[in-house]
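Report on the structure given below.
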Amino acid sequence: MTSENLLEIDGSFGEGGGAILRLSAGYSILFNRPIRIKNIRANRPKPGLSLQHLLGLKTLSELTNSTLSDCKVGTKEITFIPQNKIKNKIHVNITTAANIGLLLQPIQIACLCFNKPEKIEISLSGGGTFGKWAPSLNYLQNITFQIFKRSGLKIDVKIEKHGFFPKGGAKTTYILYPPKKTLNPVNITELGNIDLIQGEIIITNHLRRQGDNIGERVQKSIKQQLKKTLNVESDIKYTWVNSLSPGIGLSLWARSDTGAIVCTGTILGEKKISSEKLGTMAANKIIKYIENDIPVDNYLSDQLIPLMAYIRDKPSSIKVLEITNHAKTNLELIKRFNNRNYTITKENNHYIIKYQ
């Protein structure tokens, strides 16, 4: 493989963070393009590969038998030469609270083009099921992977143990079923009618207090705010779990009669935020989407763009409240691999992202 064959990617473009690395590695497999990434995470306080990104690259390389250049924490340039010789089972050991959803994002993209084996199992020891600025596994399970399933890609997640910052320590399994047929396009432009808002609050046992049930307080606050503003029924559950580190993570979502699933994304509890305020914050977030008739939340839009761009024979479109920096980076980056154009149309209080 000569240098002329490599697609050169500047890791400092756009937001200049880890997303460029994760997306590029996934697209390298998806479009069979060898890549060289320079200036990795150039816009971050500590440039170069973090342990999480290094582990994600090595996991993708191992699963697909691809060639990854020698690299370590702090490396600022890598090359990746893709293969499509997929193993049916691998194990990943994570010694930090690295977010599992982000770590596996390149595989989530790459597997769109897999057609075998029948099933791929990735077991993970360690890492975080919840983390800042990252999708929780609960979010992926209830939102992202439900939309993927309609397009023809099935991904299951089994959570045996949750992990929170700083110790992580999760125990999880990803099971991927490569598509058997041509993937269906994604068209989610109408929210439609909603008659139930669901939610899941995960709380570690460290936070149990006699006479003070955090779960009930967050739950009550959510229900009150939803009832007052939308007058919609809700089904909000809370679950106590064992974990190495204390934490609270929650999501609210609503399925509509159009098939849309709009969600708050992942919301984390913090020491300075009361249980009541946390619940109100979550409720207000989903209320904003519903009141503005938005069927695709800001976090889901970024997850769906690779799928939309990859499906070439039919148009795809989604309606979003805003075009996030992550989405902008994703849209521009994928053009480097497949030269497919997209359009963004602003209409009143929303945007339409479309691939023809």
Can we say ILE9 is assigned to a helix (DSSP H, G or I), touching a residue at least 60 places away in the same chain (Cβ under 8 Å), hydrophobic (A, V, I, L, M, F, W, C) and over 25 Å from GLY126 (Cα atoms)?
-> no
With a cut-off of at least 3 residues that are modelled with pLDDT of 95 or more, out of contact with any Asp or Glu (no Cβ under 7 Å at 6 or more places or on another chain) and more than 26 Å from HIS326 (Cα to Cα), name the strands (runs of 3 or more DSSP E) lying wholly within region 201-302.
-> 233-241
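Yes or no, residue by residue, for (1) of a type in the set (Ser, Thr, Tyr); (2) out of contact with any helix residue (DSSP H, G or I) (no Cβ under 8 Å at 6 or more places or on another chain):
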residue: ASN213; (1), (2): no, yes
residue: LYS228; (1), (2): no, yes
residue: SER234; (1), (2): yes, no
residue: LEU244; (1), (2): no, yes
residue: THR258; (1), (2): yes, yes
residue: LYS277; (1), (2): no, no
Unique match (being more than 16 Å from the chain's Cα centre (by Cα), assigned to a strand (DSSP E or B) and without any contact (Cβ under 8 Å) to a residue 12 or more places away in the chain) among LYS346, LYS354 | LYS346
So which pairs qualify, if the first residue must be in region 28-51 and free of Cβ contacts under 8 Å to residues at least 60 places away in the same chain, the second must be part of a strand (DSSP E or B) and polar (S, T, N, Q), the Cβ gap must be under 6 Å, and the two must be at least 6 apart or on different chains?
-> ARG36/THR79
Please work out if LYS272 is more than 22 Å from ALA19 (Cβ to Cβ), basic (Lys, Arg) and out of contact with any strand residue (DSSP E or B) (no Cβ under 9 Å at 6 or more places or on another chain).
-> yes
Does LEU112 satisfy the condition of being over 14 Å from LEU57 (Cβ atoms), crowded, with 19+ Cβ neighbours inside 10 Å, out of contact with any Cys (no Cβ under 7 Å at 6 or more places or on another chain) and in the same structural domain as GLY126 (by TED's automatic domain parsing)?
-> yes
Of the residues that make up region 188-204, is at least one hydrophobic (A, V, I, L, M, F, W, C), farther than 25 Å from SER301 by Cα and not assigned by TED's automatic domain parsing to the domain that holds SER316?
-> yes
Please go through region 13-58 and pick out each residue that is among the small types (Gly, Ala, Ser) and either closer than 22 Å to ILE100 by Cα or in contact with a Pro (Cβ under 9 Å, 6 or more places away or on another chain) (or both).
-> GLY16, GLY17, GLY18, ALA19, SER24, ALA25, GLY26, SER28, GLY48, SER50, GLY56
Output for region 18-47, where each listed residue is among the polar types (S, T, N, Q) and surrounded by 24 or more Cβ atoms within 10 Å (Cβ to Cβ) | SER24, SER28
Members of region 322-339 that are exposed (fewer than 14 other Cβ atoms within 10 Å of the Cβ) and free of Cβ contacts under 8 Å to residues at least 60 places away in the same chain = GLU322, LYS335, ASN339
Check region 99-122 and report whether any residue there is in a loop (DSSP other than H, G, I, E, B), of a type outside the set (D, E, K, R) and free of Cβ contacts under 8 Å to residues at least 24 places away in the same chain.
-> no
Residue check for ILE107: within 20 Å of LEU54 (Cβ to Cβ), β-branched (Val, Ile, Thr) and touching a strand residue (DSSP E or B) at 6+ places or on another chain (Cβ under 9 Å) | yes
Has region 179-190 got any residue that is of a type in the set (Val, Ile, Thr), crowded, with 16+ Cβ neighbours inside 10 Å, within 18 Å of the chain's Cα centre (by Cα) and part of a helix (DSSP H, G or I)?
-> no
Taking the options ILE143, ILE78, name whichever one is crowded, with 21+ Cβ neighbours inside 10 Å, in the same structural domain as LEU60 (by TED's automatic domain parsing), of a type in the set (Val, Ile, Thr) and touching a residue at least 12 places away in the same chain (Cβ under 8 Å).
-> ILE78
Given the conditions (1) assigned by TED's automatic domain parsing to the domain that holds LYS220; (2) assigned to a loop (DSSP other than H, G, I, E, B), report the number of the one that ARG312 does not fulfil.
-> (1)
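The values are calculated or read from the model by the stated rules, or taken from the named source; none is laboratory data. None of the values given here were measured: they were computed from a predicted structure. Glycine also receives a Cβ, built like all others from the backbone with ideal geometry; neighbour counts cover every protein chain displayed.
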